[in-house]
Amino acid sequence: MQQTSKFDQLTPAAALEKLQKNPRVRDIRLVVSADCCPVCAAQEGTYAKDQVPAVPVQGCSHPQGCRCFYEPMLKELYP
């Protein structure tokens, strides 16, 4: 059984806001699936906290919809 966290249950906008407010997060990576559409593939990468594209990516043409997600890039791993 796959465990989920409270973070997994947030909307993408709420997850992004939480990451942006976290002082341990240096940058935010937009992660795409292996079979993503060209629009999402062009957005893949690491962004400054205030430059991250919105998810779902506008213009996504994947039949299952946008499956991109955010991944934090931390300043430190342990306090």
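Brief remarks follow.
- Scanning the stretch 8-22 for residues that are outside any helix (DSSP H, G or I) and free of Cβ contacts under 8 Å to residues at least 12 places away in the same chain yields LEU10, THR11.
- Subset of the stretch 26-40 (residues that are surrounded by fewer than 17 Cβ atoms within 10 Å (Cβ to Cβ) and outside any loop (DSSP other than H, G, I, E, B)): ARG26, ARG29, VAL31, PRO38, VAL39
- Just one of the listed residues (GLN43, GLN51) is modelled with pLDDT of 95 or more, crowded, with 17+ Cβ neighbours inside 10 Å and out of contact with any helix residue (DSSP H, G or I) (no Cβ under 8 Å at 6 or more places or on another chain), namely GLN43.
- First in the stretch 46-59 and small (Gly, Ala, Ser), second anywhere and part of a loop (DSSP other than H, G, I, E, B), Cβ under 9 Å, 6 or more apart: GLY59/CYS37
- Residue check for LYS75: charged (D, E, K, R), at pLDDT below 95 and surrounded by fewer than 10 Cβ atoms within 10 Å (Cβ to Cβ): no
The values are calculated or read from the model by the stated rules, or taken from the named source; none is laboratory data. Given the structure is predicted, the values throughout are model-derived calculations rather than measurements. Virtual Cβ from ideal backbone geometry, glycine too; neighbours counted across all protein chains shown.
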